[in-house]
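Down below is the structure, laid out as structure tokens.
The values are calculated or read from the model by the stated rules, or taken from the named source; none is laboratory data. The structure presented is a predicted model; accordingly, all values stated were derived computationally and were not measured. No Cβ is skipped: glycine too gets one built from the backbone with ideal geometry, and neighbour counts run over all protein chains shown. All accessible areas refer to the heavy atoms of the entire protein, side chains included, with ligands and DNA or RNA removed. Shrake-Rupley method; radii C 1.70, N 1.55, O 1.52, S 1.80 Å.
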Amino acid sequence: MRDLIVRSIVLLVAVTMLVNTTTNTSQAVIEENPLLAKWEGPYGGIPPFDRVQIPLFKPALEAAMAEQIAEIQRIAKDPAPPDFENTIVALERSGSTLERVSTLYGVWGATMSSPDYQAVQREMAPRLAAFNDQITQNEALFKRIEAVYNSPAKAKLNSEQQRLAWLYYTNFVRAGARLSPEAKKRLSEINQQLAGLFTKFGQNVLAEETNQFIVLKIEEELAGLPQSLRDAAAAAAETKKQPGTWVIMNTRSSIDPFLTYSDRRDLREKAWRMFVNRGDNGGELDNNAIITEILQLRAERAKLLGYQTHAHWRLENSMAKTPEKAMELMEAVWKPAVARVHEEVADMQALADKEGAKIKIEPWDYRYYMEKVRKAKYDLDQNEIKPYLQLEKLREGIFWVAGELFNFNFTPATNVPVAHPDIRVWEVTDKTTKKHIGLWYFDPYARSGKRSGAWMNAYRTQERVNGEITTIVSNNSNFVKGKPGEPVLISWDDATTMFHEFGHALHGLNSNVTYPSLSGTAVARDYVEFPSQLLEHWLSTPEVLQRFALHYQTGKPIPQELVDKIKRSATFNQGFATVEYLSAALVDMKLHLAGDRKIDPDAFERETLAQLGMPKEIVMRHRTPHFLHIFSGDSYSAGYYSYLWSDVLTADAFGTFVEGKGPYDRAVAERLRKHVFSIGNTVDPAEAYRAFRGRDPKVDALMKKRGFATKS
Ligand SMILES: [Zn+2]
């Protein structure tokens, strides 16, 4: 899963607290609870990860919420007539304590979760939801925001300020600020119920990923697995207390390689079934009933807010604007992608027949035969690439790219506390001026209590409403930690993901705005994957490969011949990748367009896929019962299409470099910084894109990138 964590609605209103107005009670709490304290130390203050104790979270969240409510009351009851400064800027300055506490709380939830943490989470999720509603439903506060938004004085504000006023007004209206008191009450009940259900959904998936695994007891069961996977499985057996065996974990980073290499078709089927049935196994951890309830509550909420469906509500402030527009793109790509899958399956079937396998390709055969076809067609073996992809060398590679494109320099920061000893921190500065830009935390390894996949997070956003505040960002992934002193080798896909997440980090680090709510990655959901997907393109540049794709034993760069093979096979398997993803995106959208009828998720998924003509050899990348993007929170709901939407921009934007002097064209990079990476949400994304590209995006580049036929 490639994604990022953006500031949730909890952090809708942000920034530094006014210390002198803090009540005596909360001052007392601050002294006792280190999570409430201002961040101290170098770099404008750093998060006190060394002082976190789980029992501190609940009182810290409570005190921080109380403090923000008091701040909000002061703004709402200000006797002075509402203006931009005393209302919108004051809101931007409120809630800084809660923002800091939420950062620590969120990092623990994503990377250090434990049963005692989860108990706090179950209790606090509905309360945080109710707290948000208390702000957005504050009548006097909304009246002031509305007055600022509608005032003739607005025209005198600069464009960033006008956009901020628009954002507050829109967010409040979208959150129900104009509803009747009864409707507001119901809305808040719905939000609290949803928060509880999202938490339960996520915890169920984590439990199924942790509790279920496959134990391989004899060597024959490892047939086909390369040494690195055998080592990883042996290491996993240690953590699962199954000494002398090999364990295949129920996570994507374990299952995908197993399905790719295991010669044992029976075990592939077993592993595949375990993985695709997460959350769908009956009993306590089954997510189906939770999904039905979430969908009904979302539909009811959309109606209350005056929208046709949840999808219409969610997309209103996206770049696509309407579900119809998003569906149009998905449908345009779906047909050529499915056609490509049929070709891919035919190739695999032919190969299996030639081998005398006497099978029909099933979903648990796809990755396995795909790899064989790759070898046959392109003479390319993924295992041949891996020795050149050392995690730490690639990290140096992304730093180098950031230096070339954005003039950034990275230096280890060893004086910074971290949540776990595996996490390392770098200071980012400008190469020329040496000016401090921000901090980059890197948490690369899997461990229990850490969610699967890879993501970026912002611990603090850049802003200057209270002096120059620099950003703190992190990249997180789940590589299996190697033996001490041995380099961690990763796959080409994982290297691509590394560049992707670093793209999000650069989006944060380049931010150059005034107001925190408009900063860094706080952009429309279907625009936020554009900078990150764009950065993926730099992995395959010769400059990076020759310097950083070095063989872990010989130190020699990856041979040109191998690079050429990678290039030739660039569109290989795009049918699978696109259909796997797009089927999930289409089911997501259709679930949220279905209105308030009671939905049986399994039946809905089956019927929708049948209608779409889903190839039976492929399963959705995230089946409904464990689709964390859309059911562990609202943020990607009716929004999984965003990756495709952003990729249209990505493919089209990379064309600017190709048409120029290539990927390291300084002039194009400067335009990219100016119009995309530095502006956050201060400009409408469609306008910003036009400023960068000189025109609107075209879908052709995407079709070409994936090797699909376009209608000419
Ligand atoms: Zn992403």
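Assorted remarks:
- Burial order of peptide ranges 270-277, 660-667, 142-149 (average beta-carbon count within 10 Å, highest first): 142-149, 270-277, 660-667
- Cα gyration tensor shape of region 453-590, rounded if a/c is under 1.5, else prolate or oblate by comparing a/b with b/c: oblate
- For region 140-202, the square roots a ≥ b ≥ c of the C-alpha gyration tensor eigenvalues yield an a/c of 1.5 or more together with a/b not exceeding b/c, which makes the shape oblate.
- Of the solvent-accessible surface of region 581-689, computed with a 1.4 Å probe over protein heavy atoms with every protein chain present, carbon and sulfur atoms account for 51 percent.
- Region 364-416, dipole about Cα centre (Lys/Arg Cβ +1, Asp/Glu Cβ -1), debye to the nearest 20: 180 debye
- Of the cross-linked pairs LYS354/LYS616; LYS185/LYS598; LYS321/LYS450, those separated by over 31 Å at the C-alpha level are LYS321/LYS450.
- Normalised contact order of region 554-657, rounded percent, pairs of Cα under 8 Å and 6 or more residues apart: 33 percent
- Principal semi-axes of the equivalent ellipsoid, √(5λ) from the alpha carbon gyration tensor of region 91-160, are 35, 15, 8 Å from largest down.
- Residue by residue, region 537-542 carries 3J(HN,Hα) couplings of 4, 7, 4, 8, 6, x Hz when phi is fed to the Karplus relation 6.51 cos²θ - 1.76 cosθ + 1.60 (θ = phi - 60°); x denotes Gly or Pro.
- Within the same chain, lysines fewer than 8 places from LYS393 are excluded, and of the rest, those with a Cα less than 23 Å from its Cα are LYS431, LYS481, LYS483, LYS556, LYS565, LYS567.
- Relative contact order for region 186-259, counting Cα pairs under 8 Å that sit 6 or more residues apart, in percent: 31 percent
- Look at the alpha carbon pairs under 8 Å that are at least 6 residues apart: their mean separation over the length of the chain gives a relative contact order of 16 percent.
- Region 118-143 and region 490-565 have Cα centres separated by 36 Å.
- Between LEU206, GLN134, ALA233, the Cα set farthest toward the positive side of the dipole of the chain (charges on each charged residue's Cβ, about the Cα centre) is that of GLN134.
- Extreme residue, positive dipole direction of the chain, given options SER253, PRO444, LEU586 (C-beta unit charges): LEU586
- Of all accessible heavy-atom area on region 192-320, the percent that carbon and sulfur account for (1.4 Å): 52 percent
- Computed extension length for ALA339-GLU316: 5.1 nm, one decimal, from 0.36 nm per residue of separation with the Cα-Cα distance subtracted.
- From phi via Karplus (6.51, -1.76, 1.60), per-residue ³J(HN,Hα) for region 146-163 in Hz, x at Gly/Pro: 4, 4, 5, 5, 8, 6, x, 5, 4, 4, 7, 6, 6, 5, 5, 5, 5, 5
- With q set to 0.05, 0.06, 0.08 Å⁻¹, the log10 of I(q)/I(0) for the chain, from the Debye formula over equal scatterers at the Cα positions, is -0.24, -0.34, -0.63.
- Computed on the Cα atoms alone, the convex hull of region 548-660 gives a volume of 187 cubic angstrom per residue.
- By average C-beta atoms within 10 angstrom, highest first, the peptides 201-208, 152-159: 201-208, 152-159
- When the charge dipole of region 278-323 is built from unit charges on Cβ atoms (+1 for Lys and Arg, -1 for Asp and Glu) and taken about the Cα centre, the candidate among ASN317, GLY282, THR292 whose Cα reaches farthest toward its positive end is ASN317.
- Cβ-derived FRET efficiency at R0 45 Å, ARG464 paired with LYS375, nearest 0.05: 0.25
- By the rule of a C-alpha distance below 22 Å, with chain neighbours fewer than 8 residues away ignored, the lysines paired with LYS325 are LYS303, LYS335, LYS590, LYS698, LYS704, LYS705, LYS711.
- With a simple spin-label model that places each label point 7 Å from the Cα along the Cα-to-Cβ direction, the separation between ILE54 and SER448 comes to 1.2 nm.
- Protection proxy ranking, peptides 427-433, 472-478, average beta carbon neighbours within 10 Å, highest first: 472-478, 427-433
- Counting only Cβ charges, +1 for Lys and Arg and -1 for Asp and Glu, the dipole size of the chain around its Cα centre is about 800 debye.
- Among the GluC sites (Glu not before Pro) found in region 432-514, those both in a DSSP coil and sparsely packed, with 14 or fewer other Cβ atoms within 10 Å of their Cβ, are GLU468.
- Considering every alpha-carbon pair of region 180-270, the percent of pairs per 5 Å bin, from zero through the bin containing the longest distance, is 3, 13, 19, 17, 11, 7, 6, 6, 5, 5, 4, 3, 1, 0.
- Label separation (ARG252 vs ALA709): 3.1 nm, computed from points 7 Å beyond Cα along the C-beta direction.
- Partners for LYS434 among aspartates and glutamates (Cα-Cα distance below 18 Å; same-chain residues under 8 apart left out): GLU404, GLU468
- Euclidean distance of C-alpha centroids, region 589-645 and region 169-208, integer Å: 20 Å
- Backbone N atoms of region 630-657 closer than 19 Å to the 7 Å Cα→Cβ label point of THR210 belong to residues 632-633.
- Rounded, prolate or oblate (a/c below 1.5 giving rounded, otherwise prolate when a/b exceeds b/c) for region 62-201 by Cα gyration tensor: prolate
- Surface exposure of the chain, expressed per residue as accessible area with a 1.4 Å probe, stands at 40 Å².
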